[in-house]
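Worksheet: one structure, shown below.
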Amino acid sequence: MKFNKASISASYCEVFGSSEEPLVVRSPGRVNIIGEHTDYNDGFVLPAAIDKAMYVAIGKRDDDRILVYATQYAEFFETSLDQVKKIDQHWSVYVLGVVDQLLKGGSVLGGFNLLIDGDIPIGAGLSSSAALECATVFALNSQFAKGLTRAEMAHIAMLAEHEFAGVKCGVMDMFASLFGRHDHVINLDCRSLLYEYIPLNMDGLKMVLLNTDIKHSHSSSEYNTRRQQCEQGVAWVQAHVPQVAALRDVTHEMLCSYVLPKDNTIYRRCKYVIEENNRLLTACVDLKKGNIAELGRKMYASHRGLSNDYEVSCTELDYLVNQVRTNKGVLGARMMGGGFGGCTLNIVREEVLENLLDSITSAYERDMGKPLSYYVVSIENGAELIPDRKLFKI
Ligand code: GLA
């Protein structure tokens, strides 16, 4: 299947009975090379936008209605600008959460039709929800000429996720979707939002996502709990070192003095974050030197920390990482994203790719009792209005 301006416009015109061409926006999903659960601790992340994206087509209405169509569910949702409310567990939250933020910020919007399509697998940890929020804010910004910067749009999309989807996430996913650059990773400082693009030289290598096809129902509450545990750790340190604002500022010595004596679990959570930030900073040096082997070792170390100390992995994710750990053709592997399911990210030598996929899919089915899906992804640009005739393949 291919998405392009013509096909998405045609669906839009058919679904809404419109004769006017809509604006079409593409906003991609993301991978994160290293730096997990560091974004909401004012730390560093290393994400990149991928070749799987959410697409929205938008057109103005003459009234104040909001009419949204989700192609994937073949479902309409209708409301009006003065009735924007969240409906728990419903896909409309990602669109309405953005509208709500724009209205709260004083933006004057009109009614609109919005068609949603895309090829980011849902629940696979590739940030389909952030991509939809970013596509929505990008589309509204273009349609109603709001003049928002990409950083402002990332912030709005993040607040939409907090308030309507109920996940107190950091800014990483939105930033990657909006700022992605072809064949580059983004080294983002989540405190200052300063960033640099680092070229990702994948000669002879492939980036492979192995999808557990698991999404634990408690993942968003566990995510919020991890964030609270980090904040608790910071509060204990702050009582002694007031200039500390986030885990980003905390040293291992501070943790040992002020957190370890109070609570071992919180100590381990905070320790992981501090180590992960350090891993990321040195991983950027590896990347700049083209030393993917060393970067890969850090990915395995990151997984150990996420599994043992931060405890956001699960049996299936650990299984997939353990299966490739001794394979010389896999330079690095780790769970990716919030955890409790989703995908592992693997850096794989091209020559072993086919064998690896054959053996791991059958092993997973045999040992975990379910099929394994996988995606070989490339690194692409961030959100954009799709011009006529531009093709994106999956
Ligand atoms: C999810 C969140 C991100 C980030 C990751 C973990 O993807 O949306 O903000 O915290 O988990 O690194």
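In table form, for the structure just shown:
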quantity: Any hit, segment 214-226, residues being among the basic types (Lys, Arg) and assigned to a helix (DSSP H, G or I); calculated: yes
quantity: Qualifying residue in segment 54-62 (condition: buried (at least 22 other Cβ atoms within 10 Å of the Cβ), within 16 Å of the ligand (Cβ to nearest atom), outside any strand (DSSP E or B) and assigned by TED's automatic domain parsing to the domain that holds Leu109); calculated: no
quantity: For Val167: the one exception among (1) part of a loop (DSSP other than H, G, I, E, B); (2) within 11 Å of the ligand (Cβ to nearest atom); (3) more than 25 Å from Leu317 (Cα to Cα); calculated: (3)
quantity: Matching strands (runs of 3 or more DSSP E) fully within segment 300-394 where at least 1 residues are of a type in the set (Ser, Thr, Tyr); calculated: 341-349, 373-377
quantity: Residue in segment 22-39 that is more than 16 Å from the ligand (Cβ to nearest atom) and touching a Gly at 6+ places or on another chain (Cβ under 7 Å) present; calculated: yes
quantity: Positions within segment 129-164 being of a type outside the set (A, V, I, L, M, F, W, C), within 16 Å of the ligand (Cβ to nearest atom) and surrounded by fewer than 22 Cβ atoms within 10 Å (Cβ to Cβ), in sequence order; calculated: His155, His162, Glu163
quantity: Qualifying residue in segment 308-323 (condition: outside the structural domain of Met174 (by TED's automatic domain parsing), more than 30 Å from Thr265 (Cβ to Cβ) and either within 16 Å of the ligand (Cβ to nearest atom) or over 20 Å from the mean Cα position of the chain (by Cα) (or both)); calculated: no
quantity: Unmet criterion (only one of (1) more than 30 Å from Ile186 (Cβ to Cβ); (2) more than 26 Å from the chain's Cα centre (by Cα)) for Pro22; calculated: (1)
quantity: Residue within segment 345-367 that is touching a Ser or Thr at 6+ places or on another chain (Cβ under 9 Å) and closer than 27 Å to Phe175 by Cα present; calculated: no
quantity: The listed residue being outside the structural domain of Tyr223 (by TED's automatic domain parsing), touching a strand residue (DSSP E or B) at 6+ places or on another chain (Cβ under 9 Å), touching a residue at least 40 places away in the same chain (Cβ under 8 Å) and part of a loop (DSSP other than H, G, I, E, B), out of Ser27, Ser18; calculated: Ser18
quantity: When residues of segment 166-214 are limited to those that are open to solvent by 20 Å² or more (accessible area, probe 1.4 Å) and of a type in the set (Gly, Ala, Ser), the one farthest from Glu231 (Cα to Cα); calculated: Gly204
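Residue-by-condition table, conditions (1) modelled with pLDDT under 95; (2) of a type in the set (Val, Ile, Thr):
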residue: Gly337; (1), (2): no, no
residue: Cys343; (1), (2): no, no
residue: Val352; (1), (2): no, yes
residue: Leu356; (1), (2): no, no
residue: Thr361; (1), (2): no, yes
residue: Tyr374; (1), (2): no, no
residue: Val377; (1), (2): no, yes
residue: Ala383; (1), (2): no, no
residue: Arg389; (1), (2): yes, no
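The values are calculated or read from the model by the stated rules, or taken from the named source; none is laboratory data. The shown structure was predicted, so the numbers you read here are calculated from the model rather than taken from an experiment. Glycine gets a Cβ as well: all are built from the backbone with ideal geometry, and neighbour counts include every protein chain shown. Only protein heavy atoms, including side chains, enter the accessible area calculation; ligands, DNA and RNA are left aside. Shrake-Rupley method; radii C 1.70, N 1.55, O 1.52, S 1.80 Å.
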